[in-house]
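For reference, the structure is listed below as structure tokens.
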Amino acid sequence: MTRVEDQQLKAFLKDAGLVADKQLKEAEKKAHKADLSLGDVLVAEGFISQTDRSKTEAYILGIPFVNLENKKIDPEILRIIPEPIARSHNIVSFRKNGKNLEVAMLDPQDLVTIDFIRKKSDLKIFPRLTTPESIKHALRQYSKSLEAEFGDIIRQEVTGIKAIQQADIEEGAEVEELQKAAEDLPVIRIVDTLLKHAVLQRASDIHIEPTEKEVLVRYRIDGVLRDAMVLPKQAASGIVARIKVLSNLKLDEHRLPQDGRFKIETEDYKYSIRVSILPVFDGEKIVMRLLSETSKAYTLEQLGLRGEALEHVQRGLKRPVGMILITGPTGSGKTTTLYAMMEILNTPEVNISTVEDPVEYRMLRINQTQVNPKIGLTFASGLRSLLRQDPDIIMVGEIRDKETAGLAINAALTGHLVLSTLHTNTAAGAIPRLIDMKVEPFLLASTVNLVIAQRLVRRLCEDKEEYRLSPQDLERFKEYCDIEKVTKTMRESKMIPSNRTLLDVSFYKPKPNAESPDGYRGRVGIYEVLPVTETIKGLLVERASSDRIQQQAEREGMLTMIEDGLLKAIQGVTTIEEVLRVINE
């Protein structure tokens, strides 16, 4: 990193009033104790941002600062510095003017690298200081676009792939033929490229779908499926064989579904790929789920919980016994919320055991069991065995049947904290669903502490368009939520002055950009959190309908998912259209 002395940085931050004296003293102590630089500690503790730190150091060193996070660099200029040098020395060329080349670096005093680039390019080098995030963003741009890279492979090599006709293969020779196809260089390149670009584009799933005349490849990015590439039909059997070999599946099984798993690892990322292969009319369809092994668990705040809802969840997690349920359809982020909760609960004093299908992320010090119905290891049998493992906290991936529901309730009754998920649309809907599974209402009343319902909406990019609601828009929203309650919450949260209404508030629309063609990047949760209060317990015992439970919870101050979504739209985190899209799906 840049060689700015701790004392120089301290003096400047103090004079500029960027960090309070108390925080500086605290950071200095920690830096001395851990043998770290003052700048590293200030950023780690959240006293200053990495960008502010880099700007300050640039000012002290007399070097201009540049932020490349939203900058698209001309590929020709980028490639003046070869990718291996750029990655190993954290240096990127981003602007050229005649014989002058501007380079962004983390250490502008790395004169050896600057001199090497000057000699190689025969240009005058002007160093600029930047942030690690900025460098990461620029390094991603070295990868060619998917179409360009696939275009090369298709033109040069797909024509060389020999299509395997099942009818032509002699009895017993099929496995050998498929094995050869899986080791065919063009096939390997296609599969590797598909995976690499899925990671670069932040896809959560890859769909490879055979049709009558071609193979369609789609990526799910931020919850929405998008076409990525069309491949010739002759590539289908080779691609399927390659993925079966990677996942250790049967090559000659084409009639039954198969599930498997494999890993990919580079210097930049490490992913576990979950594979599902399903026979369809035109061949075998493959869906691959990408699970990052390097991603850190989110905090509840990062997931999108806020205000009173967050307080209810935090209180629920402090209780030593009982049950916390998370509800929502498939793909609504329930598992991610469960993992975030387990990260909070994961301390040396407790034994946490889980039974999951599948184990999506490995967590240190948590005993995770994978369901395997083929050998009789179901949620129910796994949970029964877990109870003999002296657990304090139990996580059941999903309550699917009467037996699992009964065991989970008994575990919560006998002194355990149980976390689980259910497939219902609202928080209130979880209670009648459990009663349908033959759980006695009085047992629910004494075990369930909290029910959370959630959906995922796409996040707006930083660059977005501002607009105001019309009175007609406001009327339309009254169908979905209580406008008065949202306005009241906004006033209490000081989001708007007490004399203003929703018509005076700015909302936002997506603004497409080079990085995100639809103006969205990433996702955030919208929630409704229903604490099981004494009145709700009374309704449970009476076997009240989900509508009555919902009405009572709202009377007690529960924000519905759409109201939470509307507040996030007002904060510019997402759009009203996104909120309505996921609620109405």
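The values are calculated or read from the model by the stated rules, or taken from the named source; none is laboratory data. Small disclaimer: the values here were computed from a predicted structure and weren't measured. Cβ placement follows ideal geometry from the backbone for every residue including glycine, while neighbour counts extend to all protein chains displayed. All accessible areas refer to the heavy atoms of the entire protein, side chains included, with ligands and DNA or RNA removed. Shrake-Rupley method; radii C 1.70, N 1.55, O 1.52, S 1.80 Å.
Figures for the structure shown
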quantity	calculated
Condition check for residue 115: at pLDDT 80 or above, part of a helix (DSSP H, G or I) and more than 21 Å from residue 137 (Cα to Cα)	yes
Given (1) surrounded by 14 or more Cβ atoms within 10 Å (Cβ to Cβ); (2) under 14 Å from the mean Cα position of the chain (by Cα), index of the condition residue 302 fails	(1)
Flag for residue 192 being open to solvent by 30 Å² or more (accessible area, probe 1.4 Å) and part of a loop (DSSP other than H, G, I, E, B)	no
Single unsatisfied condition, residue 356 versus (1) of a type in the set (Asp, Glu); (2) open to solvent by 20 Å² or more (accessible area, probe 1.4 Å); (3) closer than 21 Å to residue 422 by Cα	(2)
Residue match in the range 498-517 (condition: closer than 30 Å to residue 224 by Cβ, among the charged types (D, E, K, R), modelled with pLDDT under 95 and in contact with a Cys (Cβ under 6 Å, 6 or more places away or on another chain))	no
Hits in the range 373-383 - residues which are surrounded by 16 or more Cβ atoms within 10 Å (Cβ to Cβ) and either of a type outside the set (Phe, Trp, Tyr) or not in a helix (DSSP H, G or I) (or both)	377, 378, 380, 381, 382, 383
Number of the exception - residue 175 against (1) touching an Asp or Glu at 6+ places or on another chain (Cβ under 8 Å); (2) surrounded by 14 or more Cβ atoms within 10 Å (Cβ to Cβ); (3) modelled with pLDDT of 80 or more	(2)
Enumeration of residues in the range 251-269 that are in contact (Cβ under 8 Å) with a residue 24 or more places away in the chain, within 28 Å of the chain's Cα centre (by Cα) and within 20 Å of residue 183 (Cβ to Cβ)	263, 264
Any hit, the range 508-531, residues being open to solvent by less than 40 Å² (accessible area, probe 1.4 Å), within 21 Å of the chain's Cα centre (by Cα) and charged (D, E, K, R)	yes
Count of residues meeting criterion [open to solvent by 40 Å² or more (accessible area, probe 1.4 Å) and modelled with pLDDT of 90 or more] in the range 99-112	2
Residue within the range 122-136 that is at pLDDT 85 or above, aromatic (Phe, Trp, Tyr) and touching an Asp or Glu at 6+ places or on another chain (Cβ under 8 Å) present	yes
Test: residue in the range 400-410 that is in contact (Cβ under 8 Å) with a residue 40 or more places away in the chain, under 20 Å from residue 527 (Cβ atoms) and in contact with a helix residue (DSSP H, G or I) (Cβ under 7 Å, 6 or more places away or on another chain)	no
Output for the range 195-238, where each listed residue is closer than 15 Å to residue 286 by Cα, open to solvent by 10 Å² or more (accessible area, probe 1.4 Å), touching a helix residue (DSSP H, G or I) at 6+ places or on another chain (Cβ under 7 Å) and not in a strand (DSSP E or B)	237
Candidate set: the range 49-73, residues that are among the β-branched types (Val, Ile, Thr) and under 27 Å from residue 515 (Cα atoms); chosen: the one nearest to the chain's Cα centre (by Cα)	51
Residues that are farther than 26 Å from residue 141 by Cβ and either of a type in the set (A, V, I, L, M, F, W, C) or in contact (Cβ under 8 Å) with a residue 40 or more places away in the chain (or both), drawn from the range 42-60	42, 44, 47, 48, 56, 59, 60
Test for residue 134: is it in contact with a Leu (Cβ under 9 Å, 6 or more places away or on another chain) and under 28 Å from residue 195 (Cβ atoms)	yes
Any chance residue 295 is at pLDDT 95 or above, open to solvent by less than 70 Å² (accessible area, probe 1.4 Å) and hydroxyl-bearing (Ser, Thr, Tyr)	no
Helices (runs of 4 or more DSSP H) fully within the range 390-478 counting 3 or more residues that are buried (at least 16 other Cβ atoms within 10 Å of the Cβ)	402-413, 430-436, 441-447
Subset of the range 78-106 (residues that are touching a residue at least 60 places away in the same chain (Cβ under 8 Å) and farther than 17 Å from residue 67 by Cβ)	79, 87
Scan of the range 572-582 for residues that are hydrophobic (A, V, I, L, M, F, W, C) and surrounded by fewer than 21 Cβ atoms within 10 Å (Cβ to Cβ), ordered by number	573, 580
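Every residue, every condition in (1) within 30 Å of the chain's Cα centre (by Cα); (2) open to solvent by 30 Å² or more (accessible area, probe 1.4 Å); (3) among the polar types (S, T, N, Q); (4) at pLDDT below 90, yes or no:
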site: 545; (1), (2), (3), (4): no, yes, yes, no
site: 548; (1), (2), (3), (4): no, yes, no, no
site: 552; (1), (2), (3), (4): no, yes, yes, no
site: 555; (1), (2), (3), (4): no, yes, no, no
site: 565; (1), (2), (3), (4): yes, no, no, no
site: 570; (1), (2), (3), (4): yes, no, no, yes
site: 584; (1), (2), (3), (4): yes, yes, yes, yes
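This table checks each residue for (1) in contact (Cβ under 8 Å) with a residue 60 or more places away in the chain; (2) open to solvent by less than 20 Å² (accessible area, probe 1.4 Å); (3) closer than 27 Å to residue 139 by Cβ.
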position	(1), (2), (3)
249	no, no, no
274	yes, no, no
283	yes, no, no
287	yes, no, no
324	yes, yes, no
327	yes, yes, no
332	yes, yes, no
